[in-house]
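Asker: Could you have a look at this structure, given as structure tokens, before my questions?
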Amino acid sequence: MEYKQWYMEYKIHKNRPGLLGDIASLLGMLEVNILTINGVENRTRGMLLQTNDEEKIEILGRMLQKVENITVTKLRSPRLVDILAVRHGRYIERDSDDRKTFRFTRDELGLLVDFLGEVFKREGNQVIGLRGMPRVGKTESIIAGSVCSNKRWTFVSSTLLRQTVRSQLSEEEMNANNIFIIDGIVSTIRSNEKHYSLLQEIMAMPSTKVIEHPDIFVKESAYDYSTFDYIIELRNTPDEEINYDSFTAHYNDF
């Protein structure tokens, strides 16, 4: 039978001595392997487990319901946010209304790069929007995530060095396995017909596209928010307002 991974998370009501050892012993008797373990915010512990018998997970869940010192809050096939929570000891903040929106601050760049690296490893078409003020680390995070996923990146439009608008890409650059980086402001406000034609071709490819400033991209193009699989917000501080009016005007001067 094939081995599968599971994510278990439990909240600790009374952290008595030997509690973790008792749970580990129970997992050992069931022959369920612990791959990773870490504390995950506010007296909560997360474990990445592995077993080739799904029934053992069901038995485990029922048995742990009888343990008074803890409450199992999650016991499921691991999601990306679960894997990262165990690695980094905290959950990524998500928008309560729009669950595909994830929020990071600049001091969490390591977590963001790890998140992007895992997303970039996935094959096929996916579009990621990245919101944030200038010089907060958007492009650098995309490049670092590409390195983590062992993927090449291709700039379609960018302001990293100078205003860059590509009208064609080489055959090597048009590889669907590449990460395509698009500046949503440059590609719309500064767009010409050749660039927009290239943009449409790339958007139709079964590949990963990362679009900085997705709100301007949606406002100034034929694409809408349903195009995006993820929206990421990156701020210098948690309360920073992402205000496009303060930095979009000069794009019209070129």
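Asker: Quick one: would you say Val147 is assigned by the TED database to the domain that holds Asn236, part of a helix (DSSP H, G or I) and not basic (Lys, Arg)? Steps first, please.
Answerer: On the way: assigned by the TED database to the domain that holds Asn236: yes; part of a helix (DSSP H, G or I): yes; not basic (Lys, Arg): yes.
Spelling it out, Val147 is indeed assigned by the TED database to the domain that holds Asn236, part of a helix (DSSP H, G or I) and not basic (Lys, Arg).
Asker: Please go through segment 114-144 and give me each residue that is β-branched (Val, Ile, Thr) and either touching a Cys at 6+ places or on another chain (Cβ under 6 Å) or outside any helix (DSSP H, G or I) (or both), ordered by number.
Answerer: Passing the criteria: Val127, Ile128, Val136.
Asker: Is it true that Glu41 is closer than 16 Å to Leu60 by Cα and either in contact (Cβ under 8 Å) with a residue 12 or more places away in the chain or open to solvent by 40 Å² or more (accessible area, probe 1.4 Å) (or both)? Walk me through how you get there before you give the answer.
Answerer: Values: closer than 16 Å to Leu60 by Cα: no; either in contact (Cβ under 8 Å) with a residue 12 or more places away in the chain or open to solvent by 40 Å² or more (accessible area, probe 1.4 Å) (or both): yes.
Against the criterion (closer than 16 Å to Leu60 by Cα and either in contact (Cβ under 8 Å) with a residue 12 or more places away in the chain or open to solvent by 40 Å² or more (accessible area, probe 1.4 Å) (or both)), Glu41 does not qualify.
Residues are listed down the side, and each one gets a yes or a no for (1) closer than 21 Å to Glu233 by Cβ; (2) among the aromatic types (Phe, Trp, Tyr); (3) outside the structural domain of Glu212 (by the TED database):
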| site | (1), (2), (3) |
| --- | --- |
| Gly124 | no, no, no |
| Gly137 | yes, no, no |
| Glu140 | yes, no, no |
| Phe155 | no, yes, no |
| Glu173 | no, no, no |
| Phe180 | yes, yes, no |
| Thr188 | yes, no, no |
| Glu193 | no, no, no |
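Asker: Here are Leu130, Leu169, Leu160: which of them is in contact with a Leu (Cβ under 9 Å, 6 or more places away or on another chain) and under 24 Å from Glu240 (Cβ atoms)?
Answerer: Being in contact with a Leu (Cβ under 9 Å, 6 or more places away or on another chain) and under 24 Å from Glu240 (Cβ atoms) holds for just one of Leu130, Leu169, Leu160, which is Leu130.
Asker: Restricting attention to segment 52-65, which residues are touching a residue at least 40 places away in the same chain (Cβ under 8 Å), among the charged types (D, E, K, R) and surrounded by 13 or more Cβ atoms within 10 Å (Cβ to Cβ)? Explain how you work it out, then say what you get.
Answerer: Just the residues of segment 52-65 that are touching a residue at least 40 places away in the same chain (Cβ under 8 Å), to begin with: 52-54, 57, 60, 64.
Remaining after also requiring among the charged types (D, E, K, R): 53-54.
Passing the criteria: only Asp53.
Asker: Oh, and also: Take the residues of segment 6-25 that are outside any strand (DSSP E or B) and within 24 Å of Arg87 (Cβ to Cβ): which is most open to solvent (accessible area, probe 1.4 Å)?
Answerer: Filtering first and then ranking leaves Asn15.
Asker: So Leu49 passes all but one of these: (1) touching a strand residue (DSSP E or B) at 6+ places or on another chain (Cβ under 8 Å); (2) surrounded by fewer than 14 Cβ atoms within 10 Å (Cβ to Cβ). Which condition number does it fail?
Answerer: Failing condition for Leu49: (2).
Asker: Considering each residue of segment 68-89, count those that are open to solvent by 60 Å² or more (accessible area, probe 1.4 Å) and part of a helix (DSSP H, G or I), and give that number.
Answerer: Within segment 68-89, the first condition is being open to solvent by 60 Å² or more (accessible area, probe 1.4 Å), and the residues that meet it are 68, 71, 73, 79, 87-88.
Right, trim to part of a helix (DSSP H, G or I) and you get 87-88.
Counting residues in segment 68-89 that are open to solvent by 60 Å² or more (accessible area, probe 1.4 Å) and part of a helix (DSSP H, G or I) gives 2.
Asker: Considering (1) within 30 Å of Arg45 (Cα to Cα); (2) open to solvent by less than 10 Å² (accessible area, probe 1.4 Å); (3) of a type outside the set (Asp, Glu), say which one Gly132 fails and leave the rest.
Answerer: Single failed check for Gly132: (1).
Asker: Which one of these is modelled with pLDDT of 90 or more and among the polar types (S, T, N, Q): Thr188, Thr154, Thr159? Can you show your working first?
Answerer: Details: Thr188 fails: modelled with pLDDT of 90 or more; Thr159 fails: modelled with pLDDT of 90 or more.
On inspection, the qualifying residue turns out to be Thr154.
Asker: In segment 230-244, what residues are aliphatic (A, V, I, L, M) and buried (at least 18 other Cβ atoms within 10 Å of the Cβ)?
Answerer: Ile231, Ile232, Leu234
Asker: So, in segment 148-201, how many residues would count as being open to solvent by 70 Å² or more (accessible area, probe 1.4 Å) and touching a His at 6+ places or on another chain (Cβ under 8 Å)?
Answerer: 0
Asker: Confirm whether Ile181 is outside any loop (DSSP other than H, G, I, E, B) and free of Cβ contacts under 8 Å to residues at least 40 places away in the same chain.
Answerer: It is false that Ile181 is outside any loop (DSSP other than H, G, I, E, B) and free of Cβ contacts under 8 Å to residues at least 40 places away in the same chain.
Asker: I need the full set of residues from segment 90-114 which are without any contact (Cβ under 8 Å) to a residue 60 or more places away in the chain and open to solvent by less than 20 Å² (accessible area, probe 1.4 Å), in order please.
Answerer: Passing the criteria: Ile92, Leu111.
Asker: Right, Glu55: in a loop (DSSP other than H, G, I, E, B) and out of contact with any helix residue (DSSP H, G or I) (no Cβ under 7 Å at 6 or more places or on another chain) or not?
Answerer: The answer is no for Glu55.
The values are calculated or read from the model by the stated rules, or taken from the named source; none is laboratory data. This one's a predicted model, so the numbers in the text were calculated from it and none came from an experiment. Ideal geometry is used to build each Cβ from the backbone, glycine not excepted, and the neighbour counts take in all protein chains shown. The area values use the complete protein model at the heavy-atom level, side chains included, leaving out ligands, DNA and RNA. Shrake-Rupley method; radii C 1.70, N 1.55, O 1.52, S 1.80 Å.
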